[in-house]
Amino acid sequence: MTRPPATGQALAAAPACAACGAPVSGRFCSRCGAPTEGGSCPACRTPLSPGARFCHRCGAAARSASAGRERIGWIVAGVALILALVVIVWRSGAFKPTVPDMANAGNAGPALEGRAPDISGMSPRERFDRLFERVIRAGEANDTATVIQFAPMALGAYSQLDSVNTDARFHAAMIDLATGEFAAARALADTILADAPGHLFAYLLRGEAADRQKQAAALTVSYREFLAHYDAEMRAGRAEYAEHRPVLDAFRTRARASLGQ
């Protein structure tokens, strides 16, 4: 026996969702999920229609204070769970801290013994010099990880200098050499020669770049130019030569040995 179609009066009497208007048969709408049964006012206990936000009798909010406290409790519990997971991951060693920003870069990495001083209060040039020393000392110790970590910071500090002199260019070029940026090192050597023709730093940088790239002809040219300008440049008494005398002496010894002088 087939079921007769519903009459207009029967359709009118069928319950509908207060939120979307769809026919409902349970406690929640199958289309939008809204509750189909009204609660009661937490203040005066008056029955409320489904979806009501305020009591039509006393005006109180339909959601009780206990429901709000329950929601807050779940949020706190969720945050506590996340924090607990972070602590577990941290202690397991799987969490790796991010690289420190430029302001406090002196406090990270194993290149220097002990805890490095905070460089956030230093001048831009002092910050650059400190990071340069960190990279160079790490390179001397074959600490590649520290070189890779701090070289970009040092070059970033160099780019922030208000003015640069020959010594700063030389330091930046040495960092480029340590990271294999030979073209950048040669470019800085060119700027040194443009400002100070015959400057020994330029020939040294060109020679180091050629040596590391195994360019014998270019290395020989750098040796010859370095020795050709050495005496006159040393008589000039440049302050940067005194500060880097061991480096200049070592390169001169290599140049003379290579050229048979």
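Data for the structure
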{"quantity": "Around residue 170: net Lys/Arg minus Asp/Glu count, Cβ-Cβ under 14 Å", "calculated": "-4"}
{"quantity": "Point-to-point label distance, residue 44-residue 159, nm (Cα→Cβ direction, 7 Å offset)", "calculated": "6.9 nm"}
{"quantity": "Translational D in µm²/s for region 131-184 (Stokes-Einstein at 25 °C, 0.890 mPa s, Kirkwood Rh from C-alpha pairs)", "calculated": "222 µm²/s"}
{"quantity": "Shape call, region 143-261: gyration tensor on alpha carbons, a/c limit 1.5", "calculated": "oblate"}
{"quantity": "Peptides 155-168, 179-192 ordered by average Cβ neighbours within 10 Å, highest first", "calculated": "179-192, 155-168"}
{"quantity": "Spin-label model distance (nm) - residue 228 vs residue 195, 7 Å beyond Cα toward Cβ", "calculated": "2.4 nm"}
{"quantity": "Additional length obtainable on full extension of the chain from residue 245 to residue 215, 0.36 nm per residue less Cα span", "calculated": "8.3 nm"}
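Values quoted throughout were computed directly from the atomic coordinates according to the rules given, and no laboratory measurement underlies them. If you're wondering where the values come from, they're calculated on a predicted model, not measured in any experiment. No Cβ is skipped: glycine too gets one built from the backbone with ideal geometry, and neighbour counts run over all protein chains shown.
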